[in-house]
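Chemist: Quick one: the structure is below, and I'll ask about it shortly.
Each reported figure results from applying straightforward, stated rules to the coordinates on display, with no laboratory input. Predicted model, so just to flag it, every value in this text is computed and none were measured. Heads up, the Cβs are rebuilt from the backbone with ideal geometry, glycines too, and the neighbour counts pull from every protein chain shown.
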């Protein structure tokens, strides 16, 4: 590794970039009622704003690994950021819902250039002693964006209109583009001869790694539950049951950051009790916290268990990334790309699931169904083997 590379500075830039890039996903959640009112459509139809972004994002995550292999990691990230600058600014002036959806598809495609490529860059360029911490910071940034993105959007959208939120994001992407351009050196690891067909041919290998499929299912539930929980929690706190206001809502979500920061300990905890045990314990905690949130109307208890819930999800994401890497050692890059695709596919499922949950007669039932999803994931986690993949004896 190059001793002249400033790893801490790169990690900081990737951490900030991860937060702001993923704001393009999470910022859409609180502005749904405003978009529905602005375009004269139902709230269910307005959720397409998030669904099309998430589908474009998750599918694109599959492809950016091979694209960055061919053209370079930093070039790929910069192309994505420049695309976000242009598309986000255009969204700020759109007055057609159809055009909004089209722009959101492109925004999802460009946003996907960061997460899988930054993780690949870190794996290649960082020494082992710094690698785990850097990956934990990048993974945490995706989670932090769930809180920061929603709060930023809520404040700006309510004060100045939802379009201004995207204009602000566009300006932030300009700043990030110059930051990455100046401070992040290009990775020397490239495969200019690689073809997309080679990458797609690896899909047949999934059948050889049956134990990884269990990891994929658990990954699918994580952001599905994370986004759905916050969507229902927003309504629950301001309902007649809890009697909270927008400020209370803001504070509860902001305190979720405490749970996310705990994920930075995931590597050390995994070293002591193993990755699979971290996964099982975190899923158990997720189930319990969701049930407690739905069972009480006390805002202090709700806040406490929302922090615990976020901590569980924050532990699970890097732990599952690590586990997939262990189980698919011979084709790690491909399976990590698929895992990223499945993880963020949950962000497309969540808005649709949330519409169903919001129509249930009681909030406890909504949180209980999310707990049931986590419970199914917990049961499936017992089919994830310890150590390496027993199917292929990697």
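Chemist: Sum -39500 (n - 2.57) across every DSSP H segment of at least 4 residues in the chain, then divide by the residue count to get the 222 nm mean residue ellipticity, nearest 500.
Modeler: Numbers: 17 runs with 309 residues, N = 394.
Using -39500 (n - 2.57) per qualifying helix, the result is -26500 deg cm²/dmol.
Chemist: Sticking with this one: Based on the mean of other Cβ atoms within 10 Å per residue, sort peptides 159-165, 189-195 so the most packed one is first. Spell out each step's value before the answer.
Modeler: On the way: 159-165: 16.9, 189-195: 11.6.
Averaged packing, sorted descending, gives the order 159-165, 189-195.
Chemist: Something else now. Would you mind giving the three semi-axes, in whole Å and largest first, of the ellipsoid equivalent to the range 1-183 according to its Cα gyration tensor? Each step should come with its number before you reach the end.
Modeler: Details: eigenvalues 187, 50, 38 Å².
Semi-axes (√(5λ), whole Å): 31, 16, 14.
Chemist: Still on this structure, please answer the following. Taking each pair of distinct Cα atoms in the chain once, what is the resulting Kirkwood hydrodynamic radius in Å?
Modeler: Here the Kirkwood hydrodynamic radius works out to 21.2 Å.
Chemist: OK, next. Work the Kirkwood hydrodynamic radius out for the range 201-386: mean of 1/r over every pair of different alpha-carbon atoms, inverted, in Å.
Modeler: It works out to 16.9 Å.
Chemist: I would also like to ask the following. Can you grab the distance from the C-alpha centre of the range 292-308 to the C-alpha centre of the range 1-34, Å, no decimals?
Modeler: If we compute the Cα centre of each part, the gap is 29 Å.
Chemist: Can I ask one more? Under the definition of Cα pairs under 8 Å and six or more residues apart, what whole-number percent is the relative contact order of the chain? It would help to have the intermediate numbers written out before the result.
Modeler: Values: 603 pairs, mean separation 96.7, N = 394.
Relative CO of the chain lands at 25 percent.
Chemist: Okay, moving on. What is the log10 of I(q)/I(0) for the range 40-117, computed with the Debye formula using one identical point scatterer on each Cα and no solvent, at q = 0.13, 0.22, 0.28 Å⁻¹?
Modeler: The computed values of log10 I(q)/I(0) come out as -0.41, -0.93, -1.24.
Chemist: Give me the percent relative contact order of the range 24-77, please, defined on Cα pairs under 8 angstrom at least 6 residues apart. Intermediate values should be presented prior to the final figure.
Modeler: Details: 21 pairs, mean separation 14.0, N = 54.
With pairs under 8 Å counted, the relative contact order is 26 percent.
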